[in-house]
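Just below is one structure, and these are the notes that go with it.
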Amino acid sequence: MEKTLLKVGGMSCGHCKASVEKALKALPGVVEALVNLEAQEVAVEFDSTKVSVEEMKKAITEDGYEILA
Ligand SMILES: [Cu+2]
């Protein structure tokens, strides 16, 4: 299992946190997604044989948030 930390802009409240976490967890291969609102970051644990970082970034932008890094 791999871990990555994505910088996500536009998350401001508990709804945003839940929405981003849900969008990521909907991807096959994503095991855990945890948003840190203050840091504007999401920590993701995933199986790199099933899902790519690009796919995770796409899910976040399609959910209406911005990838900062
Ligand atoms: Cu919000």
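Observations on the model:
- Residue that is farthest from L68 (Cα to Cα), among those in region 1-16 that are within 16 Å of the ligand (Cβ to nearest atom) and surrounded by 17 or more Cβ atoms within 10 Å (Cβ to Cβ): C16
- Only one entry of E21, E38 meets the criterion of being assigned to a loop (DSSP other than H, G, I, E, B), within 16 Å of the ligand (Cβ to nearest atom) and among the acidic types (D, E), and that entry is E38.
- Residues within region 24-35 that are part of a strand (DSSP E or B) and either away from the ligand (no atom under 13 Å from the Cβ) or free of Cβ contacts under 8 Å to residues at least 24 places away in the same chain (or both), tallied: 5
- Restricting attention to region 41-59 and to residues that are of a type in the set (D, E, K, R) and open to solvent by 70 Å² or more (accessible area, probe 1.4 Å), the residue that is nearest to the ligand (Cβ to nearest atom) turns out to be K58.
The values are calculated or read from the model by the stated rules, or taken from the named source; none is laboratory data. Computed from a predicted model, the values in this text were never measured in an experiment. Neighbour counts are summed over all protein chains in view; Cβ atoms, including those assigned to glycine, are modelled from backbone coordinates with ideal geometry. What goes into the accessible areas is simple: the full protein's heavy atoms, side chains included, and nothing from ligands, DNA or RNA. Shrake-Rupley method; radii C 1.70, N 1.55, O 1.52, S 1.80 Å.
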